[in-house]
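To start, the structure itself, in structure tokens.
Coordinate-derived values only; no laboratory data. This is a predicted model, so every value here is computed, not measured. For neighbour counting, all protein chains shown are included, and Cβ atoms are generated from backbone atoms with ideal geometry for every residue, glycine included.
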Amino acid sequence: MGRLCAIGLVLATAVMTAGTPAVAASPAHRLPDLGPNVTVFDPGMPVADIQATLDAAHAAQVDAEMGTARHAYLFRPGTYGTAEQPLQIEVGYYTEIAGLGASPTDVVINGKVEVYNRCLEDGGTANCLALVNFWRTLSNLSINVNAAGQDGCRASANIWAVSQAVSMRRIDITGGNLSLMDYCTAGPQYASGGFIADSRLPTVTNGSQQQWLTRDSEIAGWSNGVWNQVFSGVAGAPDESGFPNPPYTTLDTTPVSREKPYLFADARGGLNVRVPSARKNARGITWADGMTPGRTLPLRDFFVARPSDPVRVINSQLARGKHLLLTPGVYDIARSIEVRRPNTVVLGLGHATLTAVHGSTPLDVADVPGVVVAGVTVDAGTDKSPVLLRVGKRHGHRWSSASNPTTLSDVYFRVGGPHVGRTDTALEVNSDHVLIDHAWVWRADHGVEGLTDTERWNTNLGRNGAVINGDHVTATGLFVEHFQQYNTVWNGDDGTTILYQNELPYDPPTQADWMNGDVEGWAGYKVGDRVRTHRLYGGGVYVFNQNNPEIHTENGFEVPEAPGVRLHHIMTVNLSAGTIDHVVNGVGDAADTTKVGAPVYVADHPA
């Protein structure tokens with residue numbers, strides 16, 4: 001959501017950047033050079049030195065919403081922090097915190113890993129909320145919650161107050177609760193959406209989180225829901241009976257899922273990438289009985305790229321059969337990175353960002369099975385791109401595999417924000433059997449471009465957020481916001497979405513600018529007229545026409561009236577300006593300014 005909804009660090013002498021041995025005793029302890037923006041910690045390092053490094057990192061990134069610095073902080077297997085001296089980590093923008101164990105239990109943080117509200121007014125003391133706490137990653141470690149030295153409120157839970165483009169994966173939390181809102185900082189304390197997968201969690205305080213997806217995990221309990229809370233394959237998930245009070249959508253299993261690849265250190269300290277296998281009808285964590293099922297790729301099988309590497313060199317390495325590891329940074333991409341071989345892995349660290357130059361398509365994936373793209377952000381540039389990430393050709397061969405789907409995990413898109421951006425479409429999926437596992441596709445509603453809302457409408461151009469043309473495509477956690485026509489268009493047959501979150505654009509100047517032919521406005525989620533089978537579980541479309549509060553949108557969702565097209569637990573909501581006249585196909589009351597913040601629900605369509 002928006003308003004509503006390369007910095008160098010001075011490291012303590014005991015902390016190493018990747019490529020410098022943590023222990024100088026033997027080559028077995030050495031790691032390959034992952035560049036200046038990857039820092040690796042060893043459990044033998046003094047806690048105070050690690051704490052100082054992470055404190056400095058947070059201070060640099062806590063307000064860097066539109067900045068260019070990208071960082072990953074990795075922890076070798078072992079225990080960090082003690083009962084008397086816990087390690088208290090705060091995570092800022094474009095920061096990845098991850099363990100290097102084969103299992104999350106191989107790295108233990110005695111302390112906390114947290115995100116607090118960001119205070120946007122009065123010199124950082126007022127208007128405190130989590131609505132813009134974007135672009136952070138936490139994965140593959142255990143947190144033994146220890147609040148020693150924190151005040152009474154802060155001691156009550158591990159606080160993870162975040163919104164879009166933030167993932168928590170392969171996390172094991174013990175010793176205290178998890179809160180998805182920061183109730184310890186002055187209000188309004190709003191938070192807007194997030195994603196958990198493959199994690200074992202204590203009781204979770206949802207608090208003010210408006211929408212959330214928890215997938216293939218274990219939870220001890222869940223406190224409440226606001227608008228749109230979805231659980232898929234989660235042991236301990238609340239029952240959905242009584243919808244919309246509470247507003248829970250619960251699937252016993254996830255029809256198709258695949259965990260994100262992760263780095264881990266082997267017994268000699270060398271780095272590898274574990275690529276989990278896809279699962280059907282999954283439930284619970286993948287690491288309960290040992291290593292997550294999948295394949296292991298040694299890091300020597302990857303081309304380790306830096307932002308200075310030309311795309312022709314990257315493509316040459318991919319053509320030779322190498323996988324691709326993108327170290328943290330911003331990459332200017334004037335021609336496509338081309339992924340042509342099946343089973344290729346493209347893994348970004350520290351929110352590695354690909355920015356389109358000269359109207360390029362920064363990432364182009366062929367019609368082949370098993371490709372995995374993970375941890376990558378794709379930005380539109382100032383020249384209009386036809387598409388930012390394409391999977392398969394529009395009329396390609398569609399060589400695909402149901403058991404080995406091409407997968408996009410934690411892949412994010414931006415049109416505007418840090419700079420002017422222009423694209424026709426952000427994400428285009430033409431291949432069959434593709435899995436989208438957590439994507440935020442964002443046409444910026446705010447940024448540092450120096451634009452008024454009307455100027456933004458005519459300058460930051462984005463027609464569609466996601467266009468799905470392939471058949472048998474599954475999305476688990478699809479967040480698409482502010483595009484100028486249909487935010488999502490789903491033309492492929494037999495598609496499934498589990499949690500859809502959308503906010504219509506804030507900035508159409510007039511109703512005439514927001515017309516689909518004779519129809520007022522464009523639905524936030526459109527299923528193509530020829531589709532005969534489609535399933536959506538838990539969807540929300542929000543309206544905040546702040547540029548012109550008189551604007552109407554006829555429907556939040558628009559779908560063909562076919563027996564196999566079924567929407568389960570959908571809603572619209574007004575955030576204080578504009579009107580959505582109906583939830584879906586003329587069904588459902590208006591989300592207007594008489595019911596600000598009060599969703600209009602349709603439990604099932606067709607009824």
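I want to make sure I understand the PRE zone here: with the label point 7 angstrom from the Cα of Ser241 toward its beta carbon, which residues in segment 554-570 have backbone N atoms less than 16 Å away?
Inside the label zone: nothing.
Defining a contact as two alpha carbons under 8 Å apart and six or more residues distant in sequence, what relative contact order in percent does segment 325-605 show?
11
Between Thr452 and Gln85, with labels modelled 7 Å along Cα→Cβ, what's the label distance in nm to one decimal, could you check?
Modelled inter-label distance: 5.7 nm.
Which whole-number percent is the relative contact order of segment 400-534 (Cα, under 8 Å, 6+ apart)?
Across segment 400-534, relative contact order equals 22 percent.
Can you sort Thr39, Thr476, Thr533, Thr593 from fewest to most other Cβ atoms within 10 Å of each residue's own Cβ?
Exposure proxy ranking, most exposed first: Thr593, Thr533, Thr39, Thr476.
Hey, any idea what the orientation-averaged projected area of the convex hull of segment 325-605's Cα atoms comes to, in nm²?
Here the figure is 13.6 nm², rounded to one decimal.
If N is the number of residues in segment 192-336, what value comes out of its Cα radius of gyration divided by 2.2 N^0.38 Å?
1.34
Round to the nearest 0.05 the FRET efficiency obtained for Ala288 and Lys384 when R0 = 51 Å and r is the Cβ-Cβ distance.
0.60
Write down the Å³ per residue value for the convex hull defined by the alpha carbon atoms of segment 16-252.
Output value, Cα hull per residue: 119 Å³.
To the nearest whole percent, what portion of all C-alpha pairs in segment 433-511 is separated by more than 15 angstrom?
Within segment 433-511, distances greater than 15 Å cover 57 percent of Cα pairs.
On a full-extension model of 0.36 nm per residue, what is the gain between Lys393 and Asp589, subtracting their alpha-carbon distance, rounded to one decimal in nm?
66.6 nm
Among Arg390, Arg30, Arg70, what is the fewest-to-most ranking by other Cβ atoms within 10 Å?
Arg30, Arg390, Arg70
How compact and how long is the chain, expressed as Rg and Dmax of its alpha-carbon atoms in Å?
My reading of the Cα-based Rg and Dmax gives 22.5, 73 Å.
Leaving out same-chain residues fewer than 8 places away, which lysines sit with a Cα under 29 Å from that of Lys393?
Excluding near neighbours in sequence, the set is Lys260, Lys280, Lys322, Lys384, Lys526.
Could you work out, for segment 113-225, what percent of all Cα-Cα pairs fall into each 5 Å distance bin, beginning at 0 Å and stopping at the bin that holds the largest distance?
Histogram of Cα-Cα distances, whole percents per bin: 3, 13, 23, 26, 21, 10, 4, 1, 0.
State, as an integer percentage, the relative contact order of segment 16-252 based on alpha-carbon contacts under 8 Å between residues 6 or more apart.
11
Using r as the Cβ-Cβ distance of Asp49 and Arg295, and R0 as 30 Å, what FRET efficiency do you calculate, to the nearest 0.05?
That gives a FRET efficiency of 0.25.
Mind giving me the FRET efficiency for Asp604 and Arg532? R0 is 22 Å, r the Cβ-Cβ distance, nearest 0.05 is fine.
Computed FRET efficiency for Asp604 and Arg532: 0.80.
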